[in-house]
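Scroll down for the structure; my scribbles are underneath it.
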Amino acid sequence: MFWHYTTGSRIDAIFESGKLAPRSPSWAPGGDPAVWFSTNDVWEPSANCAFERPSTRHRLLGTKEMTDLLCDGLFRISVRSSVGVVTWGQYCHEMNLASRNVEACRRVAAIEGSHPGRWLACLGEVKASEWLSVERWYGHHWGVIEGLTEILPDWSEPAFQLQAAG
């Protein structure tokens, strides 16, 4: 099984579009856009939010916990195995990527606690009809959610109503 890992700051747009859209990886100039998946069943570290220090332009990759807190939660989408995927190695070879970019990606992945051998790429969009499940991280376990009702609270519930003091 493999998953597309993302954050709460992106999940609404994914639900609204009804698809996982291919994106061009920043580490692969000249590579085709792809939807990226991981076989890591806990969390894919390369999906952590990155923070840039404006004064030095130094990029700092957040942790799973920082990403959960600062990026509105952690989510993953599993898809049917029938969606066409290639391994990271196949992608790099087929895209004829520069070896220095491939090696730099491999080094950064290792620093982040990830492994490109777990990555899969789909070169086309993956429509919601191909999704098996959408899950949210609940601190210690993944739980299946059903659409937006599990993600967004019902603001009309009494718990969210402001009460006048006095």
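Just one residue in the set GLU125, GLU103 is touching a Leu at 6+ places or on another chain (Cβ under 9 Å) and open to solvent by 20 Å² or more (accessible area, probe 1.4 Å); that residue is GLU125.
Pairs are defined by a Cβ separation below 9 Å, a sequence spacing of at least 6 or placement on different chains, a first member in segment 5-16 that is over 22 Å from TRP119 (Cα atoms), and a second member that is open to solvent by less than 10 Å² (accessible area, probe 1.4 Å) and polar (S, T, N, Q); no pair meets this definition. Across segment 29-81, what is the number of residues that are in a strand (DSSP E or B) and of a type in the set (D, E, K, R)? Result for segment 29-81: 4. Looking only at residues in segment 128-147 that are open to solvent by 70 Å² or more (accessible area, probe 1.4 Å) and not in a helix (DSSP H, G or I), the one that is farthest from ASP41 (Cα to Cα) is GLU146.
The values are calculated or read from the model by the stated rules, or taken from the named source; none is laboratory data. Treat the numbers as computed from the prediction; the structure is a model and nothing was measured. Methodologically, a virtual Cβ is constructed for each residue, glycine included, from the backbone with ideal geometry; neighbour enumeration extends over all protein chains shown. Heads up: the accessible areas ignore ligands, DNA and RNA and are worked out on the full protein's heavy atoms, side chains in. Shrake-Rupley method; radii C 1.70, N 1.55, O 1.52, S 1.80 Å.
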